[in-house]
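One structure below.
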Amino acid sequence: NRDSEEALRLTEKEMASRPGIWTQDARAWALYRAGRATEARALSTAATRLGTPDASLLYHHGAILMATGDRVAGVKLVQKAQAKAGKANATKTQVAKIKAAKIKKAAAKAKAGLVRKGVQAKTTVRH
């Protein structure tokens, strides 16, 4: 995002070797960030032609549509992207909470086991 010219150079090179939807999206976004939204629109449309339900593809396409005058369709796509991203983040948060709870439980069990072993070891030493 910081170096538009570098992003344009890299995505142009990538388009020559791998012109799939992800490269089209990257190139479209680089064009958009460089102030070339009109050029970006065709690539962004091509990148979303398969209906891939990816939040970043939808967001990029929506932003590009808004920048090229199709505000209604653009806003709908950005909102859809945000909803998808929210669900993905919520799922990741839930998974993280479950993992944290399991780790906490395992740590408590391990600590309890060490305490028992420590007590037994102290008892053994005293005899």
What residue, among those in the stretch 35-87 that are under 19 Å from W22 (Cα atoms) and charged (D, E, K, R), is least open to solvent (accessible area, probe 1.4 Å)?
D54
Hits in the stretch 1-36 (condition: of a type in the set (A, V, I, L, M, F, W, C), farther than 18 Å from L58 by Cα and either assigned to a helix (DSSP H, G or I) or free of Cβ contacts under 8 Å to residues at least 12 places away in the same chain (or both))
A7, L8, L10, M15, A16
Determine if the stretch 19-26 includes at least one residue that is open to solvent by 70 Å² or more (accessible area, probe 1.4 Å) and farther than 21 Å from L77 by Cβ.
yes
Note on the stretch 56-77: residues within 14 Å of E39 (Cβ to Cβ), assigned to a helix (DSSP H, G or I) and touching a Lys or Arg at 6+ places or on another chain (Cβ under 6 Å) are I64
Of the conditions (1) open to solvent by 80 Å² or more (accessible area, probe 1.4 Å); (2) at pLDDT 95 or above, R9 fails just one. Which one is it?
(2)
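The values are calculated or read from the model by the stated rules, or taken from the named source; none is laboratory data. Everything numeric in this text was worked out from a predicted model, so none of it was measured. No Cβ is skipped: glycine too gets one built from the backbone with ideal geometry, and neighbour counts run over all protein chains shown. Ligands, DNA and RNA are stripped out before the accessible areas are found, and what is left, the full protein with its side chains, is counted by its heavy atoms. Shrake-Rupley method; radii C 1.70, N 1.55, O 1.52, S 1.80 Å.
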